[in-house]
Amino acid sequence: MKRIAIFASGTGSNFEEIVKASRTGIISGTVALLVCDKPGALVVEKARALGIDTFVFSPKDYQSKVEFENHILEKLSSFNVDLIALAGYMRLIGETLLREFSGRIINLHPSLLPKYPGKDAVGQALAADETETGITVHFVDEGMDTGPIIDQVKIKIYPNDNYDSLAKRIHEIEHEFFPKVIERVLGGLVNGD
Ligand code: GRF
């Protein structure tokens, strides 16, 4: 069975759905580890409740990104991780992880990339009066949400939508979509090399 590490910094609703999908057979791999850069984030509690091992760290405890990514690498190696899935990890991946996990890091982003990369993609789409936005899963490179796109889903924005209603709809669709894409990547149907 392939082994997945989820990187997340926040609420972890996608993390939870990926774990469920791995336990119901939607994903044929197992979630081996949560990596979280925010001690106290809700996702850490969720991991503990679900019995998933965690590596929680504070970047400020390290001299540099190279140093904390080397520590992450040690953990990934001790948990025999095959694939990294970023689900709300609010940090750019550096060269240390990219080199070791080339083509094996994927990210979930709440817009139709290349539109609205970076923070608050939902707010950006609303502010631009878009009538449509979406979700993208892509391979991670050194840029901000710039790597090769694996798949996307379009989502309508209705005239009466506000931030909360749109963010809720996006999350609901992410919860179904991301596990399915993870499964395709694990099955080798798409690969990042
Ligand atoms: C998701 O909307 C994802 O697209 C973005 O961060 C959010 C994470 O949400 N990258 P959650 O923590 O999984 O609820």
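Just so you know, all these numbers are worked out from the coordinates, no wet-lab data involved. Bear in mind that the values here come from a model prediction, so they are computed numbers and not experimental data. Neighbour counts are summed over all protein chains in view; Cβ atoms, including those assigned to glycine, are modelled from backbone coordinates with ideal geometry.
Charged neighbours of Met144, selected by a Cβ distance under 12 Å, balance to -1 (K, R count +1; D, E count -1).
According to the calculation over all Cα-Cα pairs in the chain, the P(r) per 5 Å bin from zero is 1, 8, 17, 20, 21, 16, 10, 5, 1, 0 %. Projecting the Cα positions of Thr136, Ile182, Thr24 onto the charge dipole of the chain (unit charges on Cβ atoms of Lys, Arg, Asp and Glu, taken about the Cα centre) puts Thr24 furthest along the positive direction. Of all beta bridges that DSSP places with both ends in the chain, some 40 percent have antiparallel geometry. Pairs of Cα atoms nearer than 8 Å and 6+ residues apart set the relative contact order; for region 49-178 it is 19 percent.
Charging the Cβ of each Asp and Glu at -1 and of each Lys and Arg at +1, and nothing else, the dipole of region 39-91 about its Cα centre rounds to 180 debye. Around the Cα centre of region 1-109, unit charges on the Cβ atoms of Lys, Arg, Asp and Glu (plus for the first two, minus for the last two) sum to a dipole of about 220 debye. In the elastic network of the chain, a GNM with C-alpha springs shorter than 10 Å, the most mobile of Asp120, Asp82, Asp141 is Asp120. The charge dipole of region 2-186, taken about the Cα centre with unit charges on the Cβ atoms of Lys, Arg (+1) and Asp, Glu (-1), comes to about 380 debye, rounded to the nearest 20.
Using θ = phi - 60° in the Karplus curve 6.51 cos²θ - 1.76 cosθ + 1.60, the 3J(HN,Hα) couplings for region 113-120 round to 4, x, 6, 6, x, x, 6, 6 Hz; x is entered for Gly and Pro. For region 138-193, what Kirkwood radius comes out of the mean inverse Cα-Cα distance, in Å? Kirkwood hydrodynamic radius for region 138-193: 13.1 Å.
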